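Please read the structure below before turning to the comments.
The values are calculated or read from the model by the stated rules, or taken from the named source; none is laboratory data. Owing to the predicted nature of the structure, the values given are computational and were not obtained by experimental measurement. Note that we place each Cβ from the backbone using ideal geometry, even for glycine, and neighbour counts take in every protein chain shown.
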């Protein structure tokens with residue numbers, strides 16, 4: 001049975017994740033529709049927002065490991081409220097730099113919140129219950145990913161983006177209010193350490209833990225493949241594939257539906273199937289999805305809809321499984337830094353994948369770009385049996 005404190009973590013997650021997804025979906029819409037920005041300006045503000053994952057992850061990981069994780073989660077919620085409030089003020093004033101600053105601070109809150117949330121779950125939930133706890137949190141995230149873009153899109157259509165940002169602020173405030181219910185947390189033992197030494201300790205642990213190395217290898221290949229595909233999907237869909245804009249949008253929305261379904265069945269799947277099967281199943285469904293995207297000119301709109309549904313379903317099962325493994329094998333007091341190291345690696349390679357996909361498509365055509373995507377997804381599948389993950393018949397012992 002999950003402890004009562006987890007229900008409060010879940011309540012914080014509802015406010016935090018819905019506010020975050022509204023901000024993520026709202027940034028390009030606001031810049032394009034209210035500030036009249038073209039692709040270059042939209043790209044710049046989105047890049048500023050996303051840069052938090054690269055610049056803030058490592059210091060946030062150090063902070064999460066230095067203080068009580070539940071206190072770090074509360075600090076993340078304070079950042080979330082500040083970020084949404086500043087972005088809303090920039091929107092009200094028609095001041096783009098203020099809006100972009102709020103978007104960046106909101107993304108800093110997301111970085112801190114995700115790291116603190118994982119460490120909080122590790123510290124409050126028993127080992128056998130970790131998959132179920134992570135599945136419930138993923139259900140909240142999947143619902144937010146599905147609802148956030150839809151709400152923001154509807155708000156933009158109705159001219160009510162300000163109302164949507166006020167809703168995001170209310171969600172962030174609700175998450176902050178829930179976080180104050182944790183009460184005073186015992187301080188961790190203070191050790192005078194240099195931040196760079198602490199970060200190096202996180203790198204060293206990841207490098208020396210075979211299961212984490214397998215997770216990193218799989219995640220790097222998968223993220224490079226996915227963002228290479230996303231860089232070319234829309235022009236490919238509207239061009240050689242013969243789809244219209246609505247069909248391209250429906251296809252991508254199927255990913256949210258797939259992830260929501262996966263979150264519903266994740267706990268039962270992890271209880272029934274060996275971890276190595278789930279860890280192969282996730283990237284394998286992505287490989288099948290990429291092949292279906294490439295076959296869209298022949299198979300029609302059904303192919304990308306099924307493809308994105310698979311891209312939402314399998315990888316979410318993989319994520320819940322690997323997150324539970326990471327929490328089990330990482331000692332308490334190190335999970336923040338370990339998570340931040342993996343986070344920086346993943347978000348760094350995403351931009352590489354997007355650039356690579358676009359360059360290959362421009363120089364050699366869409367078929368070559370999608371072949372590259374298929375090869376990279378195949379690499380993510382192969383990395384599981386070729387690593388320590390391939391022999392993982394049961395969940396590892398807790399560190």
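Data for the structure
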| read-out | value |
| --- | --- |
| Residue tally, condition without any contact (Cβ under 8 Å) to a residue 40 or more places away in the chain and within 13 Å of residue 229 (Cβ to Cβ), over segment 376-388 | 0 |
| Residues being assigned to a helix (DSSP H, G or I) and over 19 Å from the mean Cα position of the chain (by Cα) - total across segment 241-264 | 7 |
| Meets criteria (in a loop (DSSP other than H, G, I, E, B), in the same structural domain as residue 96 (by TED's automatic domain parsing) and either under 21 Å from residue 349 (Cβ atoms) or at pLDDT 85 or above (or both)) for residue 18 | no |
| Qualifying residue in segment 137-153 (condition: outside any helix (DSSP H, G or I) and at negative phi) | no |
| Candidate set: segment 234-246, residues that are touching a residue at least 24 places away in the same chain (Cβ under 8 Å) and in contact with a helix residue (DSSP H, G or I) (Cβ under 7 Å, 6 or more places away or on another chain); chosen: the one nearest to residue 299 (Cα to Cα) | 241 |
| Matching residues, segment 91-123, being closer than 13 Å to residue 69 by Cα and surrounded by fewer than 19 Cβ atoms within 10 Å (Cβ to Cβ) | 123 |
| Count - residues of segment 198-240 that are at pLDDT below 90 and not in a helix (DSSP H, G or I) | 1 |
| Of all residues making up segment 22-43, the number that are under 30 Å from residue 181 (Cβ atoms) and surrounded by fewer than 24 Cβ atoms within 10 Å (Cβ to Cβ) | 2 |
